[in-house]
Amino acid sequence: MTLEAVTSALLLLVAIGFALQMTAVTPLSASTSSQHLENQLQKSSEGVLGSTAENGSLKAIVLEWDEDDQQFAGADSVGYYRGSPPDSAFGDTLERAYTDRNVAYNVVVHYHTVQGTLEQQELIEQGDPSDHAVSASRTVTLRDSDTLPNGTSLGSADFYAPDVGDGPMYNMVRVEVIAWRI
Amino acid sequence: VADLTPRGDERGRGQILLVSAFVLAVAFVALALIVNSAIFTENLAARDDVPGSQNALDYRYEVTQTVGTAVTAINADPDSSPGDIDESIEDISLRAGTDQSVLGRSVVIGYESHTLGTKIAQDEPGNFTDASDTGDWELAANTRARNIRLNVTDRAALDGSSDDPFTLVASDGADEWRMAISADSGSVTVEVETPAGELESCTRDLPEQFTVDVTAGTIDGRPCYALVRQTSGEGMYFGVGLGASYDVEISNGDAIAGTYSMIVDSTSVSSIPYNSYPDDPYTENAIYSVRANYEFFTSQVGYETAIVVAPGEVPP
């Protein structure tokens, strides 16, 4: 046992420790490579919103409101969907995009109030987002003549968002998807 | 420094260990740098050229859609007049500004101008005939049309009409674009013929009621390539290959039953074939297109452009 031996052993340990730093990247650890995953998740979230906005299923889920129970149709007693997404075209798209890839997500609808402020209505909740959650949003424009599933037009319905639009317009809501890897 | 391996001197081994550990450490550092730079390069490649520039364009598209909804809503609402669009856009600008401010963006949409057109529609289900029940008639002359939607409410009316099917014609005098709809019991065929002589058709099993969105190229909500493009890339959409303006005509309007609507880029549509609202078919002043100014600012990106919105217009 000499001083050199001890020093070299220490140096070796430090070198291995340093080397481990660059390989120990799990989905939850913050690093440049998980930034890469975040970018991908961001883009696929934007894609989900874009495609559902284009085929109308995003608007359909925003309007899936049960007037009598004052909650989303078929939702939990809290008023929104918890855990699994609703059985709809939008829900199916979310399932295909996220569930198989171990991604959890919340969906929130931000709407305008008469006072000009923003309020939010939860649509789907799967828990508290992690530090690496990404967010993507899409505007959905509602008209007075849009109808709820029971056939009532928004202009005369008891809906969560109020009528703040000019003339035949109703409200402009922003649907936000917050997704994170689990 | 002493010899690395002095004969019989076991104490010298420590030095070898020391030097190799040092070499190993340097190698690891180099490796870490290489791997990290590879990851970083990949990451850079996946990013926008200017951070956030994609957002400006994405939101421009959303604004176009929103203004389009406002145009459609005003055109469809009997209580609104085309002049209301400037207030609607002001309202949209206010909402969009509030929405985007929470994301750290500043958005302003300013109304610039709008082009008036005419809405041609039939709201009560019936044959696609003119006011005097003629099946072959001209809807509008020397114009362009957008947002042409035909709602068939009685598929049986199309039956057995394959010899003289309902046909929508766009004609610029020299050439014609034609779309014929015929049915054989449950199966409906939409056949399109372009001025270039291309002939394509879509045949579908459809319910009793369905919609043919001519300008969006869908039948009952599903795309029909005969109304959009061939696989060779040859355009098939409404009015393709015609001049800047054309006449819109219907042949055999009695071989179909349902409702329809379209917006034409003309304020001087002849009133002769029409009734006055609410009797069908009717014409009404409508917005053909709107021009607005779009501004998008973040701490990194400033973007300003004019947007022209004409929902349901076919590509040029």
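For segment B:37-73, taking the residues that are within 8 Å of another protein chain (Cβ to nearest Cβ) and of a type in the set (Asp, Glu), the one that is nearest to A:SER45 (Cα to Cα) is identified as B:ASP58.
Checked across segment B:59-76, the condition of being within 27 Å of B:GLY117 (Cα to Cα), in contact with a strand residue (DSSP E or B) (Cβ under 9 Å, 6 or more places away or on another chain), at pLDDT below 90 and surrounded by fewer than 21 Cβ atoms within 10 Å (Cβ to Cβ) holds for at least one residue. For segment B:184-214, filtering for residues that are under 17 Å from B:GLY258 (Cβ atoms) and either β-branched (Val, Ile, Thr) or at pLDDT 85 or above (or both) leaves 13.
Can you name every residue in segment A:95-143 that is of a type in the set (Gly, Ala, Ser), surrounded by 14 or more Cβ atoms within 10 Å (Cβ to Cβ) and away from chain B (no Cβ under 14 Å)?
Hits for segment A:95-143 are A:ALA97, A:ALA104, A:ALA133.
Evaluate the following for B:ILE85: is it crowded, with 22+ Cβ neighbours inside 10 Å, within 20 Å of A:ASP144 (Cβ to Cβ) and out of contact with any Ser or Thr (no Cβ under 8 Å at 6 or more places or on another chain)? Yes; evaluated as a whole, the condition is true for this residue. Going by the structure shown, is A:TYR160 assigned to a loop (DSSP other than H, G, I, E, B) and either at pLDDT 90 or above or more than 28 Å from B:THR98 (Cβ to Cβ) (or both)? Here the answer is yes, as A:TYR160 does meet what is asked.
Select from segment B:88-114 the residues that are within 13 Å of A:GLY165 (Cα to Cα) and small (Gly, Ala, Ser) and write down the one among them that is surrounded by the fewest Cβ atoms within 10 Å (Cβ to Cβ). Filtering first and then ranking leaves B:SER93. As for segment A:21-29, it holds at least one residue that is surrounded by 14 or more Cβ atoms within 10 Å (Cβ to Cβ), facing another protein chain (nearest Cβ under 10 Å) and at pLDDT below 90.
In the set (1) out of contact with any Asp or Glu (no Cβ under 6 Å at 6 or more places or on another chain); (2) modelled with pLDDT of 90 or more; (3) not hydrophobic (A, V, I, L, M, F, W, C), the condition left unmet by B:SER53 is number (2). Entry remark, segment A:147-182: residues being surrounded by fewer than 20 Cβ atoms within 10 Å (Cβ to Cβ), within 24 Å of B:ALA76 (Cα to Cα), more than 9 Å from chain B (Cβ to nearest Cβ) and of a type outside the set (A, V, I, L, M) number 11 in total.
The values are calculated or read from the model by the stated rules, or taken from the named source; none is laboratory data. This is a predicted model, so every value here is computed, not measured. Using ideal geometry, Cβ is built from the backbone for each residue, glycine included, and neighbour counts are taken over all protein chains shown.
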